[in-house]
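Everything on this sheet refers to the single structure shown next.
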Amino acid sequence: MRITTQMLNKSFERAGLPIPRTSLLDYINKNTSGSILPTTLNQKNSALYNKKNYEKIKEAADNLAEQTSVFTAKDRNNIFEKIKEGGEKKELYNHIEKMVNSYNSTLDALKGSGDTMNRYYSQMMRLSSAENKEALSSIGIEVSSGGKLSIDKEKLEAADIETVEKVLGESGGFMTKTEFMADKISDNAKANVESVSSQYNARGNSYTEQLSRYDVKW
């Protein structure tokens, strides 16, 4: 149920409190001294925002871990093993494109977080791509100054499979490090989602308790 200014005024009146001169919009937009609602609403909105942000990071990191595992798997699920057994090169190129998109999405998600660990992981991802810039470029994967990846399709398709495997395979280092970081980013995001959820619920309960003092029902 939507709370209106009139409803709030009646609640203050029933509680024996003076009716404030400010409107409901003023309550939401201004954190006035002595007012419970602005602080509580801001806390709830902040907790909800952080939760959604961490969920976004976890989703991006999980997707990146899934994409990198295609290149680092030790069994027949490894894309290079499939190619050696007669698989289509097009499948390899599709997986590389998905990996690049996931890599960039994870960097974007981390960029929107003020979490110390996320800033660290973002720095480590950018450092990893920079360290492997020359090798990646040799197979058509370019690295920007911000650490993001892009694909030169002609150059990629011109590279021989052995070279691509050397760069993106398990022995290359870039993919194994990326997969490791993706798992750590996901674990950190999951822990923060759980932490923020408990805070959000606590603030939500506190908010409801405060409103009940003025007989405002949802």
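The values are calculated or read from the model by the stated rules, or taken from the named source; none is laboratory data. Because the structure is a prediction, the values reported are computed rather than measured. For the accessible areas, the whole protein counts, side chains as well, though only heavy atoms, and no ligand, DNA or RNA atoms are used. Shrake-Rupley method; radii C 1.70, N 1.55, O 1.52, S 1.80 Å.
For the pairs Lys90/Lys166; Lys89/Lys190; Lys166/Lys190; Lys155/Lys190; Lys82/Lys155; Lys51/Lys98, flag any whose C-alpha to C-alpha distance is greater than 29 Å. Listed pairs above 29 Å: Lys89/Lys190; Lys166/Lys190; Lys155/Lys190. Counting only the heavy atoms of the protein chains, how much of Tyr120 is accessible to a 1.4 Å probe, in Å² to the nearest 10? Spelled out: Tyr120, probe radius 1.4 Å, area about 110 Å². Rounded to the nearest Hz, the phi-derived 3J(HN,Hα) couplings of the range 102-109 under the Karplus curve 6.51 cos²θ - 1.76 cosθ + 1.60 (θ = phi - 60°) are 5, 4, 5, 5, 5, 4, 4, 5, where x marks glycine and proline.
A full extension of the chain between Lys153 and Leu127 corresponds to an added length of 7.0 nm, given 0.36 nm per residue minus the alpha carbon distance.
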